Amino acid sequence: MKSPLLSLPGAVPAEGVDEGVAAHYGDLFREQRALADGTGFVDLSHRGVVTVSGEDRLSWLHLLLTQHVSDLPAGEATEALILSANGHIEHALYLVDDGTTVWAHVEPGTQDALIRYLESMKFFYRVEVADRTADHAVVHLPAGSIAEVPEDVVVRQTPFGRDLFLPRERLEEFAAQAGPAAGLLAYEALRVEHHRPRLGFETDHRTIPHELGWIGTAVHLQKGCYRGQETVARVQNLGKPPRRLVFLHLDGSEVHLPPNGTEIRLADDGPDGRKIGFVTTSVRHHELGPVALALVKRNVPVDARLMAGDTAAAQEVVVAP
């Protein structure tokens with residue numbers, strides 16, 4: 001779904017899974033600084049929007065999600081995962097309940113599979129699941145923003161800012177008064193700075209929540225059963241995850257950033273050393289320079305010098321070994 005905001009001056013379209021919105025509007029670092037200062041907005045209208053209504057919505061979702069939502073207060077934001085039977089991450093949902101309906105935004109293109117799963121689990125519960133992607137767009141306002149939001153718009157407020165579920169026909173009108181537009185690359189740079197994982201970027205087919213630090217923020221350890229809980233409990237109580245998320249400071253002399261999937265090796269082992277991990281997201285940050293998130297084997301020493309492809313990298317611990 002192509003955003004009408006791609007017609008704004010300087011807009012350069014994003015590619016891949018983020019196709020349909022702007023990667024930037026001509027000045028990546030200015031856009032980052034604006035978001036860091038609490039001004040402007042980010043067009044996330046390519047993300048999927050799913051709602052669950054009905055009087056059983058919270059108790060029903062509580063059975064399916066990794067998060068404790070049975071008593072979720074209206075207006076309180078949370079995030080949750082859906083796991084496979086083996087505990088691997090399948091979906092990530094960013095939720096808020098408005099008092100009658102749970103609103104969630106999800107990764108672009110994942111809403112169909114999510115809805116199929118939710119529909120298969122309805123049974124006798126009084127719930128209605130709907131795909132609202134065609135009529136509602138997600139817009140992000142950064143933390144500290146004083147932009148006015150219409151009273152009838154559902155808002156999901158977090159420490160990182162506000163996510164608006166805005167009717168699509170009002171997207172251009174809102175953009176005209178919300179301040180300077182910032183592209184997805186600026187939004188992603190701040191996400192990486194804050195070590196926030198993203199489904200499909202920091203995850204692969206075997207990722208479990210402990211590897212990414214999603215315990216606590218998206219996984220509640222004192223709630224009832226859900227699919228994949230056995231794996232979560234076993235790792236929490238008896239072991240360690242096989243991999244861990246790290247934050248990388250990349251060699252700033254390199255012209256190109258190592259793309260998603262770039263193999264990571266120990267610098268001391270040379271270019272023929274064994275693979276110990278891979279880059280998940282790399283960005284250029286307005287203050288930190290080139291940085292990245294990566295998944296590495298748990299037993300990689302925290303002070304080890306790394307190579308991301310041909311780029312030297314120093315690691316910061318995100319998930320402890």
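The values are calculated or read from the model by the stated rules, or taken from the named source; none is laboratory data. Remember, it's a predicted structure, so these values are computed and weren't measured experimentally. Positions of Cβ are generated from backbone atoms using ideal geometry, with glycine treated the same way; all protein chains shown enter the neighbour counts. For the accessible areas, the whole protein counts, side chains as well, though only heavy atoms, and no ligand, DNA or RNA atoms are used. Shrake-Rupley method; radii C 1.70, N 1.55, O 1.52, S 1.80 Å.
Before anything else, pin down the relative contact order of the chain: Cα pairs under 8 Å, at least 6 apart, normalised by residue count, whole percent.
Numbers: 715 pairs, mean separation 59.8, N = 321.
Reported relative contact order: 19 percent.
Which value in nm describes the separation of the simple spin-label points at Glu287 and Arg30, placed 7 Å from the Cα toward the beta carbon?
It is 2.1 nm.
Got the relative contact order for region 181-285 handy, in percent, Cα pairs under 8 Å and 6 or more residues apart?
Details: 80 pairs, mean separation 33.0, N = 105.
Over region 181-285, the number comes to 31 percent.
Kindly report the accessible area of region 110-264 per residue (heavy atoms of protein chains, probe 1.4 Å, no ligands, DNA or RNA), in Å².
Values: 7530 Å² over 155 residues.
The answer is 49 Å² per residue.
For the chain, modelled as a Gaussian network with Cα springs under 10 Å, which listed residue fluctuates most, Arg206, Arg47, Arg196?
It is Arg206.
Quick one: compute a quarter of the convex hull surface over the Cα atoms of region 210-303 and quote it in nm². Write out the running numbers ahead of the final one.
On the way: hull surface 32.3 nm².
The Cα convex hull of region 210-303, projected and averaged over all directions, gives 8.1 nm².
Note the direction-averaged projected area, equal to a quarter of the hull surface, for the Cα convex hull of the chain, in nm². Spell out each step's value before the answer.
Values: hull surface 65.4 nm².
Seen from a random direction, the Cα hull of the chain projects 16.3 nm² on average.
Going toward the positive end of the dipole of the chain, with +1 on Lys and Arg Cβ and -1 on Asp and Glu Cβ, which of Thr281, Ala308, Phe174 do you reach last?
Working it through, the farthest residue towards the positive pole turns out to be Ala308.
Taking the simple approach of a point 7 Å from Cα along Cα-to-Cβ for both Ser253 and Asp204, what is their distance in nm?
3.0 nm
For region 47-103, with only Lys/Arg (+1) and Asp/Glu (-1) charged at the beta-carbon, what is the dipole magnitude about the Cα centre, in debye rounded to 20? Please report the intermediate quantities before stating the final value.
Working: 2 positive and 8 negative charges, 41 e Å.
That gives region 47-103 a dipole magnitude of about 200 debye.
When Rg is the radius of gyration of the Cα atoms in region 157-276 and Rh is its Kirkwood radius, what does Rg/Rh come to?
Working: Rg = 19.3 Å, Rh = 18.4 Å.
Result: Rg/Rh = 1.05.
Roll a 1.4 angstrom probe over the protein heavy atoms and tell me the percent of accessible area of the chain that is carbon or sulfur. Show your work: numbers first, answer last.
On the way: 7390 of 14370 Å².
Roughly 51 percent, rounded to a whole number.
Take Asp310, project a point 7 Å from its Cα along the Cβ direction, then tell me which residues of region 253-282 have their backbone nitrogen under 12 Å from it.
Correct set: 254-258.
Dipole of the chain, Cα-centred, from +1 at each Lys and Arg C-beta and -1 at each Asp and Glu C-beta, to the nearest 20 debye? Display every interim value, and only then the final one.
On the way: 30 positive and 44 negative charges, 216 e Å.
Computed charge dipole of the chain: roughly 1040 debye.
At 7 Å along Cα-to-Cβ for each site, give me the label-to-label distance between Glu19 and Asp303 in nm.
Here the answer is 4.7 nm between the modelled labels.
Looking at region 221-321, which GluC sites (Glu not before Pro) are DSSP coil and have at most 11 other C-beta atoms within 10 Å of their C-beta?
Numbers: sites: Glu230, Glu254, Glu263, Glu287, Glu316; in loops: Glu254, Glu287.
Here the GluC sites (Glu not before Pro) that fit, given the DSSP loop and packing criteria, are Glu287.
Using the beta-carbon distance between Glu128 and His194 and R0 = 30 Å, what value does 1/(1 + (r/R0)^6) give for FRET efficiency, to the nearest 0.05? Walk me through the numbers on the way to the answer.
Numbers: r = 34 Å, r/R0 = 1.15.
The computed FRET efficiency comes out at 0.30.
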